[in-house]
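Heads up: the structure comes next, in structure tokens.
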Amino acid sequence: TVPTTPHDSDEEQTDPVGDQDDSNAGSNPSQETEDSTKKNDKSDNKDEQGGNNEEQPKEKEDSKNTSTNEAKTEKETQDNNKKSNFKYPEEKYTTDILPWSKGILTEEEKDAMIEKWGKWHFWDGEPETRPTEDYMAPFPNRDCPYDEFPETAWQADAVYVNHMLDSAGELVARAKEAIYTEYGYGPRDELDHDQLKTRMDMFKLSLIDLDDDSAVPTSTSLTQGGWTTKRSLKGLVRRLLHAMMTNDTFTIVLGGHSAAAGHGNHFLQSYMMQLYKVLEPVFTRVGVKLIVRNLAQGGLGTMQHSLGSSSIYGDNIDVLVWDSSMTEKDKNAIDLFYRQALIGGKRAPVLWGGPFELLRDLYRFADADVMVPGNGMYGIPETMDVDHAATLPFASRYLKCPDESRDLCNLNENRFRALCWIDRDDVTPSQKQLEKPPSQVGWHPGFRVHQLTGRTMAMVMLTALGDAIDTWSEGTIFEGHPLADDHWHVTDYYSNIREKTMNLDSSIGSCSQNSKFFPERICKVPMQGRTEFTPRANPNYTSLQIIVKASQDGFLPQIKIVMEYEGPDVPNPLLIPPDGELDVPPIISNRRTLLDVDIDNAPMPSNHSNLRRRRRLDRIKPGKGWEIDALPGYCDGTAHGICGRAVGSNCLLSGHMDHRGGILGNALSGWLVMEVPKVSNGIIIIKFENWHLENESTVTKGWTEVNGGEYDRALANVPPLPDDFVFEYAIDGNITSLNKTQFEEAMKNPQRTILTLVVLDDPNMKEPKDIEVAFRMRNSGRTNVFSFTHIYWS
């Protein structure tokens, strides 16, 4: 099939690396022939159509490493070399084999399941007639106009589409019925009146009118499916229709704290991974590649990533989830999280979760689509005692207890279901493994809470997907095929939200309060970033390593942490419902096994007269005393990423990718030099940690001079400053020196554990350009160790 041509991106990448890199956009998965003929009346009459929407492997790009007639520049060559030498390439450090499957069903088991639940029955009867060219690529956001579809495109084939939609509608209904049954509210025809009413309300999504000042969500809605608005629900439906019409990706991303990350549980038990587990087979069947990223981090909010949102969270987000209420109380940080997502990417995502006032303002004044999830507890019965628990569905046990039995629900043995290792013949851990993952504390939800949250969110998405299928079906009855543009095109829709967000008055919301720490225009210009924190989107391309410049002899900082073992984990029985309990995903997918999943702080003053500024020197030479603290693997926050498993870890199966990495060094490390690409709005900010210990810097052990005295330093002739701490940074060779007092005044602390320094604030910047940024410490030997964790720019 035709590979996706990615949309224009603010990233400097020269090959497709966004969330769309594996999508089968704009083409029928089974197409084999090319037909570019177009016509206005696209409906065909055929007797029968069926189909299997399984995607076939894409053709590999062969132009990535081929020479062109024009010689590449030195920078292009260096960039390509870095990209081709990733230590942890995606193709090797992601896996389709996930340990939450019961394994291969027997034919008898499969037949029995199909007999009870039904199956997908659609396939393409004429795959050889489909066009092979990527006919959507020429249009922004792949918004192919009605009249530009080839006449043999599947979107223009009435029989194909109608049969596909019929099967899709049945699939959505089957998925929802399986979830209801999992919690004791199915099969439907076996329920009494009260049970049917509870079932109807358990995952109910309430609609409120945010244009009405008196309208507020009810507390009951937060125990059900949550709330949204009629317009926002339509906006979600539009995005789903767009993904289906274009065979595109659909990406859901979470930013949050340790409870959202799933600490205390296996990573795959976190609610975002549970959401993915249910939705992925549904989306795959309707030709959409679902991507779900859990990018939450323990003990942090979202600001550390929001400042580089389009890179670190990703620039192809359809739904953005905020869940950081324990660690992020300041609304200015949450507003920044929302706004950067709305203005920084190719898509303007639905905002799911967060403070009511912020969501309401963005809905009213920026036309943003907003939702808040519920927890689904409305339909959960109380667990009275251990004997009573045994009579309840496994998924419902110990979630709700009466006051006199509250301790029963609080017992860790009833809340968590996780282990750290399963013996296998081919791997023997170097470190003795714990019996269970750490962090099983009272404020971390257990696996059942995560599963219920994931199921509740899945029910909302399935409801919206059902609405999308109905819209498509009803729209084409009167208007013909393909579906009319106004139902699914997104370019103007996104542009409207983006422009209104960028032009919001500073009195609206709380983002302007960030001006205490950063240039106020960070609320109005899209920011990019690089970091060694994980998890993050597209981890190889968003790493600091890709922009660090090598020393004269080719030295680059290296990751010291080594992976204990590679490849997929063995099946984990604690990720699978016990025998006799309902397992939802096989019912949805009808696969013989679930293993065949398709993968896919305050601004520096503009007048620096109070700072000691050096003259421009001929050259800043990268130092050799830096090292990288980062997890090995492909730490992208998805179910498929293989990450961590560090030698010395005592819980190798936890699967968590949460790590606060950085590039470590001290005053003997020399200059850390980075090439920041495409700076266009005159903002560069660095984030660092100044609390690391001397023994953490292993590269400089035994050194008494910068770089171990290994090479001549162009900066050696600079007159020394007083014998106390000095921080220096250079922008394209122009060096600014800050003594201890000046450095502490310039350094800002906008949020817990976040220390930042604005090194460029030029609102009058005229043209985008690449900028060399360098920094170092002086006069503090090995004593003060800094970790540079992020660099942000616009």
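The values are calculated or read from the model by the stated rules, or taken from the named source; none is laboratory data. Fair warning: this is a prediction, and the values are worked out from it, not measured in the lab. Methodologically, a virtual Cβ is constructed for each residue, glycine included, from the backbone with ideal geometry; neighbour enumeration extends over all protein chains shown. The protein model used for the area step is the full one, side chains on, heavy atoms only, and it has no ligands, DNA or RNA in it. Shrake-Rupley method; radii C 1.70, N 1.55, O 1.52, S 1.80 Å.
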Per the filter on the stretch 361-402, residues open to solvent by 40 Å² or more (accessible area, probe 1.4 Å) and over 23 Å from residue 183 (Cβ atoms) are 364, 365
Please tell me if residue 388 is farther than 30 Å from residue 508 by Cα, modelled with pLDDT of 95 or more and part of a helix (DSSP H, G or I).
yes
Which numbered condition residue 244 fails, given (1) in contact with a Ser or Thr (Cβ under 7 Å, 6 or more places away or on another chain); (2) open to solvent by less than 10 Å² (accessible area, probe 1.4 Å):
(1)
Quickly run through the stretch 179-234 and pick out the residues that are open to solvent by 80 Å² or more (accessible area, probe 1.4 Å), hydrophobic (A, V, I, L, M, F, W, C) and in contact with a helix residue (DSSP H, G or I) (Cβ under 8 Å, 6 or more places away or on another chain).
207, 216
Here is a list of conditions, (1) part of a helix (DSSP H, G or I); (2) over 30 Å from residue 644 (Cβ atoms), and residue 395 meets all of them except one; can you say which number that is?
(2)
Given the structure, is residue 516 touching an Asp or Glu at 6+ places or on another chain (Cβ under 7 Å), surrounded by fewer than 18 Cβ atoms within 10 Å (Cβ to Cβ) and not small (Gly, Ala, Ser)?
no
Across (1) assigned to a helix (DSSP H, G or I); (2) exposed (fewer than 13 other Cβ atoms within 10 Å of the Cβ); (3) modelled with pLDDT of 95 or more, residue 174 clears everything bar (2)
Breaking point among (1) modelled with pLDDT of 50 or more; (2) surrounded by fewer than 22 Cβ atoms within 10 Å (Cβ to Cβ), for residue 636
(2)
Looking only at helices (runs of 4 or more DSSP H) that lie completely in the stretch 250-352, which have at least 3 residues being under 24 Å from residue 751 (Cα atoms)?
258-261, 303-306, 309-312, 331-344
Members of the stretch 695-736 found to be at pLDDT below 95, open to solvent by less than 60 Å² (accessible area, probe 1.4 Å) and small (Gly, Ala, Ser), listed by number:
697, 708, 709, 714, 733
Selection status of residue 670, buried (at least 24 other Cβ atoms within 10 Å of the Cβ) and at positive phi
yes
Is it true that residue 741 is farther than 21 Å from residue 703 by Cα, among the polar types (S, T, N, Q) and assigned to a strand (DSSP E or B)?
no
Restricting the search to the stretch 617-641, which residues are in contact with a Ser or Thr (Cβ under 6 Å, 6 or more places away or on another chain) and among the aliphatic types (A, V, I, L, M)?
631
Quick check, is residue 322 buried (at least 24 other Cβ atoms within 10 Å of the Cβ) and more than 19 Å from residue 657 (Cα to Cα)?
no
By residue number, the members of the stretch 72-113 that are of a type in the set (Gly, Ala, Ser) and either modelled with pLDDT of 85 or more or open to solvent by 60 Å² or more (accessible area, probe 1.4 Å) (or both) are 84, 112
Scan the stretch 140-171 for residues that are open to solvent by less than 20 Å² (accessible area, probe 1.4 Å), touching a Ser or Thr at 6+ places or on another chain (Cβ under 6 Å) and in a loop (DSSP other than H, G, I, E, B) and jot them down.
143
Hits in the stretch 472-493 (condition: surrounded by fewer than 19 Cβ atoms within 10 Å (Cβ to Cβ) and either modelled with pLDDT of 95 or more or not hydrophobic (A, V, I, L, M, F, W, C) (or both))
473, 474, 475, 479, 480, 484, 485, 486, 491, 492
Residues satisfying the stated conditions in the stretch 120-139, i.e. surrounded by fewer than 17 Cβ atoms within 10 Å (Cβ to Cβ), charged (D, E, K, R) and not in a helix (DSSP H, G or I)
133
More than 16 Å from residue 669 (Cα to Cα), at pLDDT 95 or above and of a type in the set (S, T, N, Q), is that true of residue 741?
no
By residue number, the members of the stretch 519-546 that are crowded, with 21+ Cβ neighbours inside 10 Å, more than 19 Å from residue 681 (Cα to Cα) and among the β-branched types (Val, Ile, Thr) are 531, 534, 542
Within the stretch 547-569, residues more than 25 Å from the chain's Cα centre (by Cα), open to solvent by 20 Å² or more (accessible area, probe 1.4 Å) and of a type outside the set (S, T, N, Q) come out as 549, 550, 553, 554, 555, 556, 560, 564
